[in-house]
Amino acid sequence: MEKFLKMSNIFQNIAIGLRAIKSNPTRVFLTSLGLTIGIFTVSIITAGVSSIDKEFEKSMAYYGNDKLYVSTWPWSFNFDWWKYRNRPRIEEDNLQYITQYSEYIDDVSLRKTTWIRGSYGNTASWLQINGVYPSYQDMLSGTKIENGRFFSQNEWDLQRRVIIVGATVRDGFFDGQDPIGKTIRLGGVSFEVIGELKKQGMGMVPGGTLDNLVIMPSTTFKRILTRWGFDELVLKTKPEQMAIAKEEAEMIMRVARKLKPDEENNFAVNSADAYKEQFDSLKIAIAGVGFLVTGISLIVSAIGIMNVMFVSVKERTKEIGLRKAMGATSRNILVQFLSEAVTISIIGGLAGIILVKLLTLVLATFLPVSFDLLLIFYTFLVCVFIGITAGMIPARNAANLNPIDALRHE
Amino acid sequence: MSKKEIISIESISKIYQLGDNVVKALDNVSLKIFENDFISIMGPSGSGKSTLMNIIGCLDVPSKGTYKLDNIEIDKMTDSDLAKIRNQKIGFVFQTFNLLPKLNAVQNVEVPLIYSSLSKSERISKAKNALNSVGLGNRLDHKPNELSGGQRQRVAIARALVNSPSIILADEPTGNLDSKSGLEILKFFDELHQAGNTIIVVTHEDSVAKRAKRKVEIFDGKISKDE
Ligand SMILES: Nc1ncnc2c1ncn2[C@@H]1O[C@H](COP(=O)(O)OP(=O)(O)OP(=O)(O)O)[C@@H](O)[C@H]1O
Ligand SMILES: [Mg+2]
């Protein structure tokens, strides 16, 4: 074993392998193409999945791991919208039942949502408007008041036109200047900016960015924007009580809605895990396709390497006989040809890594390709594995050759 | 002076079965070879000379009979033991040289050393010494196709010698050479014999056989003469 692993022997074998490759560059190139495609796919998939994860984390934060949303429709539905078509809107009154009967819900708020064009001077942009209770201040998730303040109970009672704005408002309307105290127009009415939210970035939510948000008292929303938007009830619980709180909310809502036992819910209690399921299945789909492509390309390259090795053994039958006559053991010959296969495989892998590196330089701007040392390490392992697997049969054929027959071979 | 017996062949046969056709390449052959013997083996084509050489060289095993080398029965040995014997005790010289075409002279001579535990620098210096001793010190970097037939065979002899084996087996070493180159090669065999090596040469030429101290003749797989 120690002799088997001797460094000088390994280098000797690699040298022999390299010589064999030099005499066969086209075949080696074609073989390595499979490895290249495999590595490239893997690196894109890994990067893709990890960026989906990142987006997902942000979206989770946006919806919160301690919040339930009582809405008309479930967040994820299977294109059977007709089933939900005639559902009643969520009524603010239902909140009373929840606050009254719930054990697990700590805080509640109405949330009215609509999209509206906001403008300041000559700039205009679509904004997502939320009309909420003062209690919503403690129910913000994934962000917080960074500048200024939330509206007060008094302002809510008086239906004041005050708003808290997301980070895009600062950049979109005020060139990065402090927006506090400024006035922007929403649907033709002026609102005073009293607070600003911390930047959240892009996320997997309708509209993409989590920052073009405007929050105002729900009373103001009702008075000025009454005809648009939909209502939800936002319920705050504790992360570890999500499941039970969800059940409870459902029960209370059924009571509030006076549903008979055999009637289906005509509302939905949503939470971020509904998205998690969707993201997970998306991730699995991407990873599945990726690994299929990778698997096929690796199998193709393994077959290629095997073919190169069969030819190499055939061409060098006489050499094998001679080496055996000179004292090579079957094991020496086996190791020689396995090393050759692994060398070819690693050269293919290197070519793949270089190509991926070049492609990341070109594509980095619009494709989430990442490139790191771990990839090189795994590529190396995969190449060694493929080389050994693909080289095993030809190398054993070589090792088992009878020296006399091999020497006589022309 | 009683010489040490290094090869002992006892009633060995080598039988090839090709369909219904049974070929007895060797038929009940016995032969003892002593240290520092210089033996020539002659006989018509197909008589079994190469078969015998291959068995002596541990490249092949007999179908019947026993073969002892240095008092060790070859039958009882593993594949890697046999490889080690070929590597350490035996040097082969072939009619067709059998050099590796892509390697230069030094690299070709290095081949047996790869399979014994030596460092790269030791291997190279040993290979160069061996080439010097066959007068090719000025052809170290030449590939086989850049050498004459005689020079090629001298590289092959250097390769056979490089691990200082005690037995040199040569199967028609001059068969592919003109008489002048052949003489040069034979000179090395004389020298090796004087240096104490055991030499066994298969040949068709009387001029070669004449140098041997002991002449064995083979006919139809049987030893017909041993003197
Ligand atoms: N692998 C084999 N299969 C079948 N028959 C074989 C095989 N090897 C050798 N023989 C037969 O064994 C006999 C002896 O062959 P061998 O090569 O020993 O002859 P030789 O004396 O060396 O002849 P030459 O002088 O032509 O080299 C021949 O008849 C040959 O056909
Ligand atoms: Mg012969």
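Side notes on the structure shown:
- In terms of distances greater than 30 angstrom between alpha carbons, the cross-link table entries B:LYS89/B:LYS225; B:LYS24/B:LYS225; A:LYS83/A:LYS198 yield A:LYS83/A:LYS198.
- Protection proxy ranking of A:290-298, A:58-66, by the mean of other Cβ atoms within 10 Å over each peptide's residues and highest first, is A:58-66, A:290-298.
- Most mobile of A:PRO179, A:PRO239, A:PRO261 in a GNM of chain A (Cα contacts under 10 Å): A:PRO261
- Apolar share of the accessible surface for chain A: 61 percent from carbon plus sulfur atoms, 1.4 Å probe.
- Modelled FRET efficiency - R0 22 Å, A:LYS276 with A:ARG89, Cβ distances, 0.05 increments: 0.25
- Cα-based values for the stretch A:40-149, radius of gyration first and Dmax second, are 18.7, 58 Å.
- On Cα atoms only, tilt of A:373-399 relative to the major axis of chain A in degrees: 30
- Quarter of the Cα convex hull surface for the stretch B:57-147, i.e. its orientation-mean projected area (nm²): 7.4
- For A:TRP115, the solvent-accessible surface computed with a 1.4 Å probe is close to 120 Å², ligands and nucleic acids excluded.
- Paramagnetic label zone (point 7 Å from Cα along Cα-to-C-beta, B:GLN88; backbone N under 19 Å) in the stretch B:148-170: B:160-169
- Most fluctuating residue given options B:GLN95, B:GLN17, B:GLN153, as computed from a GNM of chain B linking Cα atoms under 10 Å: B:GLN17
- By the helix-only formula, in which each DSSP H run with n ≥ 4 contributes -39500 (n - 2.57) and the sum is divided by residues, chain A has a 222 nm mean residue ellipticity of -18000 deg cm²/dmol.
- Debye intensity ratio in log₁₀ form over the Cα atoms of the protein assembly as shown, taken at each q of 0.06, 0.09 Å⁻¹: -0.58, -0.81
- Label-zone membership for the stretch A:160-183, site A:LYS199, 7 angstrom Cα→C-beta point, backbone N under 16 Å: A:165-179
- Across peptide A:327-334, the mean count of Cβ atoms from other chains lying within 10 Å of each residue's own Cβ comes to 6.
- Exercise: per-residue mean of other protein chain Cβ atoms within 10 Å, A:313-326: 5
- Springs join every pair of Cα atoms under 10 Å in this Gaussian network model of chain A, and among A:MET326, A:MET306, A:MET242 the largest mean-square fluctuation is at A:MET326.
- Dividing the summed -39500 (n - 2.57) terms of all DSSP H runs of n ≥ 4 by the residue count of chain B sets its mean residue ellipticity at 222 nm at -10500 deg cm²/dmol.
- The residues neighbouring A:LEU18, those whose beta-carbon lies less than 12 Å from its own, together hold a net charge of +2 under the Lys/Arg +1, Asp/Glu -1 convention.
- Descending by average beta-carbon neighbour count within 10 Å, the peptides B:112-123, A:165-176 line up as A:165-176, B:112-123, the highest first.
- Rounded tilt (10° steps) of B:149-161 against the dominant C-alpha axis of chain B: 80
- Surrounding net charge for B:LEU186, when Lys and Arg each add one and Asp and Glu each subtract one, Cβ distance under 14 Å: -1
- Estimated from the Cβ-Cβ distance and a Förster radius of 22 angstrom, the FRET efficiency linking A:THR183 and A:TRP115 is about 0.60.
- Debye equation applied to the C-alpha atoms of chain B, log10 I(q)/I(0) at 0.07, 0.10, 0.16 Å⁻¹: -0.22, -0.45, -1.14
- Accessible surface of chain B [probe 1.4 Å, protein heavy atoms]: carbon and sulfur percent: 48
- Of interest is the spacing of the C-alpha centroids, which for the stretch A:91-144 and the stretch B:155-192 amounts to 99 Å.
- Per-residue 3J(HN,Hα) values for the stretch A:322-332, derived from phi via the Karplus relation 6.51 cos²θ - 1.76 cosθ + 1.60 with θ = phi - 60°, read 5, 4, 5, 4, 7, x, 6, 7, 4, 5, 4 Hz in sequence order (x marks Gly and Pro).
- Solvent-accessible area per residue for chain A (1.4 angstrom probe, square angstrom): 50
- Principal-axis tilt of helix A:272-315 within chain A, Cα atoms, nearest 10 degrees: 10
- Neighbouring Cβ atoms from other chains, within 10 Å of the Cβ of residues in B:59-67, number 1 on average.
- Summed side-chain charge close to A:ALA245 - residues other than A:ALA245 whose Cβ falls under 11 Å, Lys, Arg +1, Asp, Glu -1: -3
- Rounded to 5, the percent of DSSP beta bridges in chain B classed as antiparallel: 55
- Point-to-point label distance, A:LEU373-A:ASP53, nm (Cα→Cβ direction, 7 Å offset): 1.9
The values are calculated or read from the model by the stated rules, or taken from the named source; none is laboratory data. Every value quoted in this text rests on a predicted model; they were computed, and no experiment measured them. Counting neighbours? That spans all protein chains shown, and the Cβs are built from the backbone with ideal geometry, glycine included. Ligands, DNA and RNA are stripped out before the accessible areas are found, and what is left, the full protein with its side chains, is counted by its heavy atoms. Shrake-Rupley method; radii C 1.70, N 1.55, O 1.52, S 1.80 Å.
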